[in-house]
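A short write-up of the structure that comes next.
The values are calculated or read from the model by the stated rules, or taken from the named source; none is laboratory data. Predicted model, so just to flag it, every value in this text is computed and none were measured. So basically every Cβ, Gly included, is an ideal-geometry build from the backbone, and we count neighbours across all protein chains shown.
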Amino acid sequence: MFVVKIQSRCNLACAYCYMYEHADQSWRTRPVAMSDEIVASLAARIGEHAATHRLPAVGVVFHGGEPLLAGGPRIRWIAERIRAALAPATRLELHLQTNGVLLAAAHGEELCQTLLETGIKVGISLDGDRDANDRHRRHHNGASSFQEVVSAVLRLGSPRYRRAFSGLLCTIDPKNDPVESYQALSGLDPPRIDYLLPHANWDVPPARPAGTGTTPYADWLIAVHRRWSADGQRLPIRVFDSIRSALVGGESLKEALGTEPCDLAVVETDGSIELADSLKTAYDGAPRTGFHILKHSFDEAAAHPGFTLREAGAAGLCQTCRQCPVVDVCGGGLYAHRYSKGNSFDNPSVHCADLLKIITYMKETPSSDSGRTGTVAAHQMSGDCFDGLAAGFGDVVAVRQLAAAQQSINRGLLDRVLTASCERGEYSRQPWQAFDALQRDDPDAYRKTLLNPFLRVWASRYLDATLGPADQEYLSLSISDHPHRPQLTADGLTVTLDNVDPCLDCYGKPLIDHLDPAAVAAWQHMFAEAWRLIVTEYFDYAPAIGAGLSTIVPLMPQPGVQTSATARQAFGAIAIALPDTADDLALLIIHEFQHVKAGALMDMFDLYDPTSPLRFSVPWRRDERPPEAALQGLYAHAAVADVWRTRWLRASNTESERSRSGMRYATWHRAVAQVADALQASGVLTRLGERLVTGLVERANQ
């Protein structure tokens, strides 16, 4: 990680600032801004280091002073120079830490847009409510900075820019009420909060106000942890997440905790390569190495004892720390906090007692899952229900069991989305808060939301990192009733005609982007007649469709062909281009809902060997199909054959219609028998898969 000081001055005068208010005053002799020459050399050195060590990613933090004083164009130029110096295989992870004031200024929108376009993740410093923040973080003339910073947070946290927002940084002061400070910060809906212990050492110890005891910082954090737990632990808090990770043997997420080697180097505005800048609080010249970006590589600088000592892990700690039961979690605390004139850095952290107390508290406090959306529950299906589905049909009870399993899958996926959004720093409180309220206040609506056909599509895409953080607002879309989406009604059945959901592209077919009243009326007329046919003539399929079909997605008609589709993850929805007749619409509904049922069965049961390399020739496709697709097609086309048989036997048919229907039935019956034989002979089916195919064959031969 490279901390790059692109500016050495600041527009605030924070009382605790390690740059200006502590022992090292080197900022006074350094350039205000990093020159073009230094930037060019910096970029080249970072590229050289990444190439030498074949790094898959490089982290760079733009720092100061106040880095935004450099201005948007300059920040963009520096970022582009560094990115251009890296090989295509190396990812650049850019961050920037700011007091936020300039983001609230008139040109703040332009700055936010630059940060967004440049891929920079931005952290903003804020210590709580107005009283807490103004205790230390004021302008040079003593004026409050609070409202400006809050405006900056709201601007950066808006949907337009939220992808650039990494979270809030808060320095703890025991004089501030911990719960009020936490509520002030969490109320701004940041992606995460990072609490910092104030910089101090054994010669200049941290403030311990009267009446706050011997561990005021641990007590402050424990109070926050309790309130955070009561709120469901959804908002990531870095110090808690770091301790929890280290307690179970994972990596620490903070430089100030854990025994992992520190790989942080600082480059000042004059090109000096230095140790962690928190060392400025120890003594004058503490971060100095003597290396310079124009003369030395980062590998040369890494030989400095200040860097090598930080790579020693627990072995580099003092004896007191090495004997401590929580050393693997604490790691001796921040290096700068160990300093004393007598022992240099061979001491425990000056915050040792506080660190021991908060770590012990968290070790003894179980992790709360109260805020999670739920985990996947085990669902079972009766033999009668399975056999009913195996015959190609299924009753209301069977479809409800399929739906219950889909609800559990979606709940589990949402839990993973929540975790992933926290880990990525993309958590947004509002949609999850609305989802929690729905679960609490309207359980029926909550269950209905979990069965939104496209919730699983969205969640899977988010977990695959194909969507951005703003797309968490999809939860809010799922919760609302969307009155602008027309409803199709028939005798005992209502379905949504949906052409607006953001995930409808899962069908991979052209969609109708506008439904005028005439189009809706045409759909309504033909849907009502198609449902009448299903109930009266294809009645074996009606119970399952009536219990499970929730949505029809209107597709763009294609000349000369009937168009329909099902998305594997969209339970309850089918996509259809409105055909010419109600008979054809009934067939398409039955056909596609068979795919819906088959997919849901495959979610509940292992029906085939997923590792099999076998491919099957199927009459309804030109390409050979893997086992799952072959089984899906078999299940759907067995129903197609059944529908044509019913049409063949329809008394009202003319001779030509009867002949045409009989030929179609014979064609599809042979196709079903061919694929069923191939699957049964392949050995790819499980016992339940065999049971399913046997049921389909027996039904087809009746």
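So which residues in the stretch 622-671 are among the small types (Gly, Ala, Ser), out of contact with any strand residue (DSSP E or B) (no Cβ under 9 Å at 6 or more places or on another chain) and touching a residue at least 24 places away in the same chain (Cβ under 8 Å)?
Taking the stretch 622-671 first, the residues among the small types (Gly, Ala, Ser) are 629-630, 633, 636, 638-639, 641, 651-652, 656, 659, 661-662, 666, 671.
Add one more test, that the residue is out of contact with any strand residue (DSSP E or B) (no Cβ under 9 Å at 6 or more places or on another chain), and what stays is 636, 638-639, 641, 651-652, 656, 659, 661-662, 666, 671.
Listed by number, the residues that qualify are ALA636, ALA638, ALA639, ALA641, ALA671.
Would you check which residues across the stretch 96-121 are part of a strand (DSSP E or B) and under 26 Å from TRP220 (Cβ atoms) and list them?
Going through the stretch 96-121, the residues part of a strand (DSSP E or B) turn out to be 96-98, 120-121.
The answer is GLN97, THR98.
Can you name the residue in the stretch 37-65 that is out of contact with any strand residue (DSSP E or B) (no Cβ under 6 Å at 6 or more places or on another chain) and not in a helix (DSSP H, G or I) and, of all such residues, is surrounded by the most Cβ atoms within 10 Å (Cβ to Cβ)?
The selected residue is LEU55.
Kindly indicate which of SER158, SER166 is of a type in the set (S, T, N, Q) and assigned to a loop (DSSP other than H, G, I, E, B).
Sole residue among the options that is of a type in the set (S, T, N, Q) and assigned to a loop (DSSP other than H, G, I, E, B): SER158.
Which numbered condition trips up ALA600, out of (1) among the aliphatic types (A, V, I, L, M); (2) under 14 Å from THR551 (Cβ atoms); (3) buried (at least 22 other Cβ atoms within 10 Å of the Cβ)?
Answer for ALA600: the failing condition is (2).
Assess whether LEU418 counts as being assigned to a helix (DSSP H, G or I), touching a helix residue (DSSP H, G or I) at 6+ places or on another chain (Cβ under 6 Å) and among the hydrophobic types (A, V, I, L, M, F, W, C).
On the way: assigned to a helix (DSSP H, G or I): yes; touching a helix residue (DSSP H, G or I) at 6+ places or on another chain (Cβ under 6 Å): no; among the hydrophobic types (A, V, I, L, M, F, W, C): yes.
For LEU418, the condition - assigned to a helix (DSSP H, G or I), touching a helix residue (DSSP H, G or I) at 6+ places or on another chain (Cβ under 6 Å) and among the hydrophobic types (A, V, I, L, M, F, W, C) - is not met.
Taking the stretch 342-359 as the search range and keeping residues that are in contact with a Lys or Arg (Cβ under 9 Å, 6 or more places away or on another chain) and assigned to a loop (DSSP other than H, G, I, E, B), which one is nearest to PHE307 (Cα to Cα)?
So the residue we want is PHE345.
Restricted to the stretch 167-191, and to residues that are surrounded by fewer than 22 Cβ atoms within 10 Å (Cβ to Cβ) and under 26 Å from the mean Cα position of the chain (by Cα), which residue is farthest from ALA465 (Cα to Cα)?
GLN183
Counting just the residues of the stretch 201-236 that are at pLDDT 90 or above and small (Gly, Ala, Ser), which one comes out farthest from ILE359 (Cα to Cα)?
ALA207
Could you say whether any residue in the stretch 243-261 is buried (at least 22 other Cβ atoms within 10 Å of the Cβ), modelled with pLDDT of 85 or more, in contact with a Phe, Trp or Tyr (Cβ under 7 Å, 6 or more places away or on another chain) and of a type outside the set (Gly, Ala, Ser)?
No, because not a single residue in the stretch 243-261 is buried (at least 22 other Cβ atoms within 10 Å of the Cβ), modelled with pLDDT of 85 or more, in contact with a Phe, Trp or Tyr (Cβ under 7 Å, 6 or more places away or on another chain) and of a type outside the set (Gly, Ala, Ser).
Out of curiosity, is GLY108 touching a strand residue (DSSP E or B) at 6+ places or on another chain (Cβ under 9 Å) and not hydrophobic (A, V, I, L, M, F, W, C)? If you could, list the steps in order and put the result at the bottom.
Values: touching a strand residue (DSSP E or B) at 6+ places or on another chain (Cβ under 9 Å): no; not hydrophobic (A, V, I, L, M, F, W, C): yes.
The answer is no for GLY108.
Would you check which residues across the stretch 624-674 are over 39 Å from the mean Cα position of the chain (by Cα) and outside any helix (DSSP H, G or I) and list them? Let's see the steps before the verdict.
As a first pass, look at the stretch 624-674 and keep what is over 39 Å from the mean Cα position of the chain (by Cα): 638-674.
Once the filter is applied, which keeps residues that are over 39 Å from the mean Cα position of the chain (by Cα) and outside any helix (DSSP H, G or I), the stretch 624-674 yields ARG650, ALA651, SER652, ASN653, THR654.
Hey, among the residues in the stretch 190-200 that are out of contact with any Lys or Arg (no Cβ under 8 Å at 6 or more places or on another chain) and assigned to a loop (DSSP other than H, G, I, E, B), which one's modelled with the lowest pLDDT?
Restricting attention to the stretch 190-200, the residues satisfying the condition of being out of contact with any Lys or Arg (no Cβ under 8 Å at 6 or more places or on another chain) are 190, 196-200.
Remaining after also requiring assigned to a loop (DSSP other than H, G, I, E, B): 190, 197-200.
On the way: PRO190: 91, LEU197: 95, PRO198: 94, HIS199: 94, ALA200: 94.
Top of the filtered list is PRO190.
The conditions are (1) out of contact with any helix residue (DSSP H, G or I) (no Cβ under 7 Å at 6 or more places or on another chain); (2) within 21 Å of HIS53 (Cβ to Cβ); (3) not aromatic (Phe, Trp, Tyr), and ASP277 fails exactly one of them. Which is it?
Of everything listed in (1) out of contact with any helix residue (DSSP H, G or I) (no Cβ under 7 Å at 6 or more places or on another chain); (2) within 21 Å of HIS53 (Cβ to Cβ); (3) not aromatic (Phe, Trp, Tyr), ASP277 misses just condition (2).
Restricting to the stretch 606-623, what's the tally of residues that are outside any loop (DSSP other than H, G, I, E, B) and at pLDDT below 90?
If we filter the stretch 606-623 for residues that are outside any loop (DSSP other than H, G, I, E, B), which is where we start, we get 608, 616.
Still in the list and also at pLDDT below 90: none.
Going through the stretch 606-623 one residue at a time, the tally reaches 0.
If you go through the stretch 98-117 one residue at a time, how many are under 20 Å from VAL58 (Cβ atoms) and crowded, with 19+ Cβ neighbours inside 10 Å?
Residues in the stretch 98-117 being under 20 Å from VAL58 (Cβ atoms) and crowded, with 19+ Cβ neighbours inside 10 Å: 1 in total.
Output the residue which, of all residues in the stretch 36-85 that are among the basic types (Lys, Arg) and more than 19 Å from ASP277 (Cβ to Cβ), is modelled with the lowest pLDDT. Write out each step before concluding.
Taking the stretch 36-85 and keeping what is among the basic types (Lys, Arg), we get 45, 54, 74, 76, 81, 83.
Filter once more, keeping what is more than 19 Å from ASP277 (Cβ to Cβ): 54, 74, 76, 81, 83.
Details: ARG54: 93, ARG74: 97, ARG76: 97, ARG81: 97, ARG83: 96.
Looking at the filtered set, the residue picked out is ARG54.
Restricting attention to the stretch 336-395, and to residues there that are under 30 Å from ARG699 (Cβ atoms), of a type in the set (Gly, Ala, Ser) and modelled with pLDDT under 90, which single residue is surrounded by the fewest Cβ atoms within 10 Å (Cβ to Cβ)? Give the steps one after another, and end with the answer.
Residues of the stretch 336-395 under 30 Å from ARG699 (Cβ atoms): 378-395.
Narrowing the set further to residues that are of a type in the set (Gly, Ala, Ser) leaves 378, 382-383, 388, 390-392, 394.
The next check asks that each one be modelled with pLDDT under 90; those that pass are 378, 382-383.
Values: ALA378: 7, SER382: 11, GLY383: 9.
Per the stated criteria, the residue is ALA378.
Can you pull out every residue in the stretch 322-341 that is touching a residue at least 24 places away in the same chain (Cβ under 8 Å), in a loop (DSSP other than H, G, I, E, B), more than 9 Å from LEU257 (Cα to Cα) and more than 32 Å from the chain's Cα centre (by Cα)?
Of all residues in the stretch 322-341, those touching a residue at least 24 places away in the same chain (Cβ under 8 Å) come to 324, 326-341.
Right, trim to in a loop (DSSP other than H, G, I, E, B) and you get 324, 326, 331-334, 339, 341.
Then keep just the ones that are more than 9 Å from LEU257 (Cα to Cα); that gives 324, 326, 339, 341.
The answer is CYS324, TYR339, LYS341.
Report, by residue number, each residue of the stretch 555-578 that is out of contact with any Asp or Glu (no Cβ under 7 Å at 6 or more places or on another chain), within 22 Å of ALA598 (Cα to Cα) and of a type outside the set (A, V, I, L, M).
Answer for the stretch 555-578, where residues must be out of contact with any Asp or Glu (no Cβ under 7 Å at 6 or more places or on another chain), within 22 Å of ALA598 (Cα to Cα) and of a type outside the set (A, V, I, L, M): THR563, ARG568, GLN569, PHE571, GLY572.
So, in the stretch 301-346, exactly how many residues are of a type in the set (D, E, K, R), under 23 Å from VAL266 (Cα atoms) and in contact with a helix residue (DSSP H, G or I) (Cβ under 8 Å, 6 or more places away or on another chain)? Let's see the steps before the verdict.
Taking the stretch 301-346 as the starting set, the residues that turn out to be of a type in the set (D, E, K, R) are 310-311, 322, 328, 338, 341, 346.
Checking the rest, the ones that are also under 23 Å from VAL266 (Cα atoms) come to 310-311, 338, 346.
When the remaining residues are screened for being in contact with a helix residue (DSSP H, G or I) (Cβ under 8 Å, 6 or more places away or on another chain), the result is 310, 346.
Here the count works out to 2.
Quick grid of which residues meet (1) at positive phi; (2) in a loop (DSSP other than H, G, I, E, B); (3) in contact with a helix residue (DSSP H, G or I) (Cβ under 6 Å, 6 or more places away or on another chain); (4) not polar (S, T, N, Q):
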| position | (1), (2), (3), (4) |
| --- | --- |
| TRP202 | no, yes, no, yes |
| GLY211 | yes, yes, no, yes |
| ARG226 | no, no, no, yes |
| GLY232 | yes, yes, no, yes |
| VAL239 | no, no, no, yes |
| ARG244 | no, no, no, yes |
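Criterion first (among the basic types (Lys, Arg) and farther than 30 Å from PRO198 by Cβ) does ARG83 satisfy it? If you could, list the steps in order and put the result at the bottom.
On the way: among the basic types (Lys, Arg): yes; farther than 30 Å from PRO198 by Cβ: yes.
Yes; evaluated as a whole, the condition is true for this residue.
Just need a number here: residues in the stretch 138-150 that are out of contact with any Asp or Glu (no Cβ under 6 Å at 6 or more places or on another chain) and not in a helix (DSSP H, G or I).
Summing the residues that are out of contact with any Asp or Glu (no Cβ under 6 Å at 6 or more places or on another chain) and not in a helix (DSSP H, G or I) in the stretch 138-150 gives 7.
Helices (runs of 4 or more DSSP H) wholly in the stretch 441-549 with at least 2 residues that are within 30 Å of ARG699 (Cα to Cα) and modelled with pLDDT of 90 or more - which ones?
Numbers: elements: 443-450, 455-463, 474-479, 517-536, 542-548.
It comes to 517-536, 542-548.
Based on this model, can you work out whether GLY394 counts as small (Gly, Ala, Ser), assigned to a loop (DSSP other than H, G, I, E, B) and under 19 Å from the mean Cα position of the chain (by Cα)? Walk me through it before giving the result.
Numbers: small (Gly, Ala, Ser): yes; assigned to a loop (DSSP other than H, G, I, E, B): yes; under 19 Å from the mean Cα position of the chain (by Cα): no.
It is false that GLY394 is small (Gly, Ala, Ser), assigned to a loop (DSSP other than H, G, I, E, B) and under 19 Å from the mean Cα position of the chain (by Cα).
Please list, ordered by first then second residue, the pairs with beta carbon atoms under 7 Å, 6 or more apart or interchain, first in the stretch 672-690 and on the phi > 0 side of the Ramachandran plot and surrounded by 15 or more Cβ atoms within 10 Å (Cβ to Cβ), second modelled with pLDDT of 95 or more and not in a helix (DSSP H, G or I).
Close Cβ pairs (under 7 Å, with a partner that is modelled with pLDDT of 95 or more and not in a helix (DSSP H, G or I)) do not exist here.
In the set GLY662, GLY633, which member is among the small types (Gly, Ala, Ser) and modelled with pLDDT under 95? Explain how you work it out, then say what you get.
On the way: GLY633 fails: modelled with pLDDT under 95.
Checking each option against the conditions leaves just GLY662.
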